[in-house]
Amino acid sequence: LEKELKELKNHESSISSKIKSMQAAYDAELAAKKKAEEAAKNTSKSSSNSSSSSGGSSSNKAASSYGFGWPVANPVIGTGYGVAGRYWSSGHHTGVDFRASTGTPIYSIGDGIVCDTGYNSAYGNFVEIYHGNSIYSFYAHASRVQVSFGQKISKGQQIMLSGATGNVTGPHLHFEIRTPGSAYRNCVNPRPYLPWL
């Protein structure tokens, strides 16, 4: 476990500057996109106000959801967040495990950009995606990764196939939400970010 913890810390420090610059660029892109959408909405609103029709206004959905989807089809959770145990370098489970046999498609929970991918002894083959607003999703133990560093990703896009690489007892998807930073020490309970709440 000490070796895995040291490996994770070394990896984080080596990639942190790349992730910070990528995060800043992606946030700027999201801000520009939002500004353009608001301008288009205002143009559309002013043209509909000047027309005689009373057209239906779009209903706003509550902002309680992050708009993220599931990382697997038919999700079933094995180990939950925060479970204590000797299997994890941190002493507790930093994400949730979804049951998934080897080769099960794994999907991005939302639009974003791949800010890290690779292999280490703890997580095996992994992918990390930045979604904006200082929110990162992390997917581990893949048998095969299907995306690359810097690639833009859409919600629901297949990013990998599940497997049993790294520190595991069998195939599954280990899924984390990290905020406000991309490091594993920033892991939070993923449940509020997923569709069931």
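The values are calculated or read from the model by the stated rules, or taken from the named source; none is laboratory data. Only a predicted model underlies this, so the values are computations on that prediction, with no experimental measurement involved. Here Cβ is always computed from backbone atoms with ideal geometry, including for glycine, and neighbour counts include all displayed protein chains. Note: accessible area is taken over every heavy atom of the protein model, side chains too, but ligands, DNA and RNA are not part of it. Shrake-Rupley method; radii C 1.70, N 1.55, O 1.52, S 1.80 Å.
Between amide H atoms placed 1.01 Å from N, distances below 5 Å from SER162 occur with GLY103, THR104, ILE106, SER143, all of them 5 or more places distant or on a separate chain. Put a dot 7 Å past the Cα of VAL76, heading toward its Cβ, do the same for ASN133, and the two dots end up 3.2 nm apart. Annotation for region 5-46 versus region 88-161: alpha-carbon center distance of 18 Å.
Based on the Cβ-Cβ distance from TYR119 to SER21, what FRET efficiency comes out when R0 is 25 Å, to the nearest 0.05? Don't jump to the answer; show the numbers that get you there.
On the way: r = 23 Å, r/R0 = 0.92.
With a Förster radius of 25 Å, E is 0.65.
The heavy atoms of LYS3 present about 150 square angstrom of accessible area, all protein chains included, probe 1.4 Å.
Where does each of HIS11, HIS141 land when they are ordered by accessible area, with a 1.4 Å probe and the largest first? List each step's numbers first, then the result.
Working: HIS11 60, HIS141 10 Å².
Descending order: HIS11, HIS141.
Annotation: for a label point projected 7 angstrom from Cα along Cα→Cβ of SER148, residues of region 160-176 with backbone N closer than 16 Å are 160. For TRP70, the accessible surface of its heavy atoms amounts to roughly 80 Å² (probe 1.4 Å, protein chains only, rounded to the nearest 10).
With the cut-off at 1.5 for a/c, could you classify the chain from its C-alpha gyration tensor as rounded, prolate or oblate? Prolate, because a/c is 1.5 or more and a/b exceeds b/c. Comparing SER89, SER134, SER44 in a Gaussian network model of the chain (Cα springs below 10 Å), the most mobile by mean-square fluctuation is SER44.
Using θ = phi - 60° in the Karplus curve 6.51 cos²θ - 1.76 cosθ + 1.60, the 3J(HN,Hα) couplings for region 141-158 round to 6, 5, 7, 8, 9, 10, 10, 9, 3, x, 6, 7, 10, 9, 4, x, 6, 6 Hz; x is entered for Gly and Pro.
Going from most exposed to least, what order do GLU37, GLU128 have by accessible area with a 1.4 Å probe? Before the final figure, lay out the partial values.
On the way: GLU37 110, GLU128 5 Å².
From most exposed to least exposed: GLU37, GLU128.
Accessible area per residue was computed with a 1.4 Å probe on protein heavy atoms; PHE126 scores about 0 Å².
For the chain, modelled as a GNM whose springs connect Cα atoms under 10 angstrom apart, the maximal fluctuation among ALA84, ALA142, ALA122 occurs at ALA84.
Largest mean-square fluctuation among ILE129, ILE19, ILE109, in a Gaussian network model of the chain whose springs join Cα atoms under 10 Å apart, belongs to ILE19. For the pair THR102/GLU2, report the inter-label distance in nm, with labels modelled 7 Å from Cα in the Cβ direction. With each label point 7 Å from Cα toward Cβ, the separation is 3.3 nm.
Quick one: if the Förster radius is 30 Å, what FRET efficiency do GLN157 and SER44 give, using the C-beta to C-beta distance and rounding to 0.05? About 0.55, to the nearest 0.05.
Per the helix-only calculation at 222 nm, which mean residue ellipticity applies to the chain, given -39500 (n - 2.57) for every DSSP H run of n ≥ 4 and division by its residues, nearest 500 deg cm²/dmol? Present the calculation step by step, with values, prior to reporting the outcome.
Working: 1 runs with 49 residues, N = 197.
Computed ellipticity for the chain at 222 nm equals -9500 deg cm²/dmol.
At an R0 of 35 angstrom, the distance between the Cβ atoms of SER90 and ALA32 translates into a FRET efficiency of 0.40. In this structure the amide hydrogen of GLN151, modeled in the peptide plane, comes within under 5 Å of the amide hydrogens of VAL114, none closer than 5 places in sequence on its chain.
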